[in-house]
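The values are calculated or read from the model by the stated rules, or taken from the named source; none is laboratory data. All values derive from a computational prediction rather than experimental measurement. For neighbour counting, all protein chains shown are included, and Cβ atoms are generated from backbone atoms with ideal geometry for every residue, glycine included. To get the accessible areas, we keep the full protein, side chains included, count just its heavy atoms, and leave off ligands, DNA and RNA. Shrake-Rupley method; radii C 1.70, N 1.55, O 1.52, S 1.80 Å.
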Amino acid sequence: MSTLLPPSPLPPKALLLDLDGVLLDTRPVMERAWQQVLSVHGLDVPFEEYERHLGRPFADIMERLGLTESERFHRTYDEASIAASHHAREFDGVVQVLHNFVAAGWLLGIVTSKLLERAAPLLTNLGCPFSTVRTPNGGGRGKPAPDPILLALTDLGVDPADTVYVGDMAVDQEAARRAGVPYVHAGWGYGSPGAPSPMVAETPKDLLRLLSPGPLLEGSLL
């Protein structure tokens, strides 16, 4: 069981978050898209095998699965993901929590391995004021390399020590470590944290207790 660490007396100024498994439950979307890849291209790789590598860029996942022609697979996956995007659901309380951080003066940013054309509609539906969105479209190496987190910090003009990254996979934790950014693991997400055991938020609202941006505000701040 992971240990919850006490919050810092000086909260950071930026909150970066992964998308899948942190803000939105997109597993139904991903599973449908992967089934379409298997059907169209005649593959036989269970979704559970694909799911083990979530958080990495698609081409990296294909390589780890021993599959070639990743560009063709990716096109099929993207088209199917967009068609099934209405199956995505925000995690309970996550939008209200993000508005609390904004009200406390924090900047919000997204660092995801999902391409921008698939991420943008999902983020728009959340209705939160994200100050930066970093996806594989922006160049650099994907997670677990630190590049997308460091690029997000450049966008925001914030130091690594004044930032927290919230993810749900071991690759998220590694990317944060390599970027020199404190990490909080989303216990409601899809994966388990790596070593050493990080700070864990069991629910989105638990982020308020761990990072202390202020009391939970009722209603929307839009």
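Summed over the range 193-204, the residues that are surrounded by 16 or more Cβ atoms within 10 Å (Cβ to Cβ) and part of a loop (DSSP other than H, G, I, E, B) give a count of 5. Looking across the range 22-59, the residues that are of a type outside the set (A, V, I, L, M, F, W, C) and assigned to a helix (DSSP H, G or I) come down to Arg27, Pro28, Glu31, Arg32, Gln35, Gln36, Ser39, His41, Glu48, Glu49, Tyr50, Glu51.
Per-residue answers, yes or no, for (1) surrounded by fewer than 20 Cβ atoms within 10 Å (Cβ to Cβ); (2) within 25 Å of Ala161 (Cβ to Cβ):
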site: Val29; (1), (2): no, no
site: Ala59; (1), (2): yes, no
site: His87; (1), (2): yes, no
site: Gly105; (1), (2): yes, yes
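Within the range 61-71, the set of residues being surrounded by fewer than 14 Cβ atoms within 10 Å (Cβ to Cβ) and assigned to a helix (DSSP H, G or I) comprises Arg64, Glu71. Restricting attention to the range 145-186, the residues that are under 23 Å from Leu207 (Cα atoms) and either part of a strand (DSSP E or B) or open to solvent by less than 30 Å² (accessible area, probe 1.4 Å) (or both) add up to 25.
Report whether or not Ile110 is touching a helix residue (DSSP H, G or I) at 6+ places or on another chain (Cβ under 7 Å), at pLDDT 95 or above and β-branched (Val, Ile, Thr). It is true that Ile110 is touching a helix residue (DSSP H, G or I) at 6+ places or on another chain (Cβ under 7 Å), at pLDDT 95 or above and β-branched (Val, Ile, Thr).
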